[in-house]
Ligand SMILES: Cc1cc2nc3c(=O)[nH]c(=O)nc-3n(C[C@H](O)[C@H](O)[C@H](O)COP(=O)(O)O)c2cc1C
């Protein structure tokens, strides 16, 4: 069996140099906002039948003011370090013809894409005219400039977080609304003509008949990055080129379509979702107060069935490790693998200073100092033994869905949380003495203290190679 140690493909995709507070990143120079190439005034499309799609996208992923009113704009889904690596395209039947549209959140409108042959999109899925297909395009190069190769993970985690929010809003009209996820074929990604790390991660097939009310106000972000990077060529680092090639390869050989997960009424109540979209925010830091054991236990028990459902529909084996550090009534250093219900042995050095070793494993990020408890979403090493990277990448998408669910659970319990992408998997594995899992993402919890703005731990040191 090939393990991750020998699977150089995955090793390359997973590589992160984060054993210090500073990440090291290969120097690259790419366009920051490449999809603005589709925003030509002559191609804008407005039509009443697109209104619900527009509202769906704006509510789930549009701009809003920061909850901390520090004048920064936020997206309505958590996003990796305020770099937004996911763009959305809509394939829909409009005025007697199929068209492929790009939604611009700056202009708040759709633009027709005219230089892509859409017959190959249509050939993949036999859409009927009452359905539309929403494509999640990961712009890997947008975050690679800051996060290096680990941006491969960020791009898919980001797309999954957005997909989860969109799916909930879409089903707010009725929870059983048909929805499928489609992994596009390798051929489709090759034929789109996207380049430099732009690739369809997956898509949704939705029924056109749903109703979402408009936002009260649309917020306009500055369009300053429009021209700033035009004409830049990627720095030809061999590692970067290798990852770009993987990214563009897509997740299946043939198009594959699966029904999306079940949603309960509570998870799709429009009133709840609108409040959530307006108020949710990633915690900047935590204070020293312990989290109540009932809250901790509820999160632990609620995430398991969700995770099992994700595992089932994506055919993956996510695990969730919980590490308690400041939970009332629970000894600091208590750890459990939640999905299989196994208590874990903690390295004796880590037991007495759990928050400290956790912070060290997560680039000394300040937020980890007072963490009350932390979940690590991981996969067993043998899941990476397929010859391709499909399972690994689907697992990242599944992990993103789990993070999104955890943001919801934290919001419902009025505690703070943040996804943490900057960690050393080796250092994490040392804490619970298990080298047979690969941590994909960390989600940390505590009582929010937003008096300080967080400093991005991915202060990059460019490697001049
Ligand atoms: C894939 C991913 C990785 C992230 N990594 C970190 C991290 O290492 N440290 C951190 O403080 N926040 C991290 N975040 C949280 C983002 O910084 C935060 O979601 C973003 O700034 C948007 O803020 P908001 O969630 O309040 O809208 C991450 C988010 C995502 C989706």
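Between the stretch 394-455 and the stretch 75-97, how far is it from one alpha carbon centroid to the other, in angstrom?
Taking the Cα centre of each part, the stretch 394-455 and the stretch 75-97 sit 24 Å apart.
Once each part is reduced to its C-alpha centroid, what is the distance from the stretch 254-308 to the stretch 314-339 in angstrom?
16
For 260, 98, what ranking results if the residue with the fewest other Cβ atoms within 10 Å of its Cβ goes first?
Working: 260 19, 98 16.
The fewest-first ordering by Cβ neighbours comes to 98, 260.
For the chain, what is the mean residue ellipticity at 222 nm derived from helices alone (per DSSP H run of n ≥ 4: -39500 (n - 2.57); sum divided by total residues; nearest 500 deg cm²/dmol)?
On the way: 13 runs with 144 residues, N = 465.
Only helices count here, giving -9500 deg cm²/dmol.
Distance from the Cα centre of the stretch 345-364 to that of the stretch 168-214, in angstrom?
40
Nearest-5 percent of antiparallel DSSP beta bridges in the chain? Could you put the intermediate results ahead of the total?
Numbers: 64 of 71 bridges.
Of all bridge pairs located within the chain, approximately 90 percent are antiparallel.
Suppose the chain between residue 47 and residue 275 were pulled fully straight at 0.36 nm per residue; how much longer would it get relative to their current alpha carbon spacing?
Details: separation 228, 0.36 × 228 = 82.08 nm, distance 2.76 nm.
Gain on extension, residue 47 to residue 275, equals 79.3 nm.
Which ordering of 52, 44 is given by a fewest-first count of other beta-carbon atoms within 10 Å? Before the final figure, lay out each step's value.
Values: 52 19, 44 14.
By the 10 Å Cβ count, ascending, the order reads 44, 52.
Based on the Cβ-Cβ distance of residue 123 and residue 352, what FRET efficiency does E = 1/(1 + (r/R0)^6) give at R0 = 51 Å, to the nearest 0.05? Before the final figure, lay out each step's value.
Working: r = 61 Å, r/R0 = 1.19.
Here the calculated transfer efficiency is 0.25.
Among 157, 100, which comes first, second and so on when ranked by fewest other beta-carbon atoms within 10 Å?
On the way: 157 30, 100 23.
Ascending number of Cβ neighbours within 10 Å: 100, 157.
May I ask you to derive the FRET efficiency for residue 245 and residue 328 from their Cβ-Cβ distance with R0 = 45 Å, giving the value to the nearest 0.05? Please report the intermediate quantities before stating the final value.
Working: r = 50 Å, r/R0 = 1.10.
Efficiency, rounded to the nearest 0.05: 0.35.
Computed from the coordinates by the stated procedures, all read-outs in this text should not be read as laboratory data. Remember, it's a predicted structure, so these values are computed and weren't measured experimentally. We place every Cβ from the backbone using ideal geometry, glycine too, and count neighbours over all the protein chains shown.
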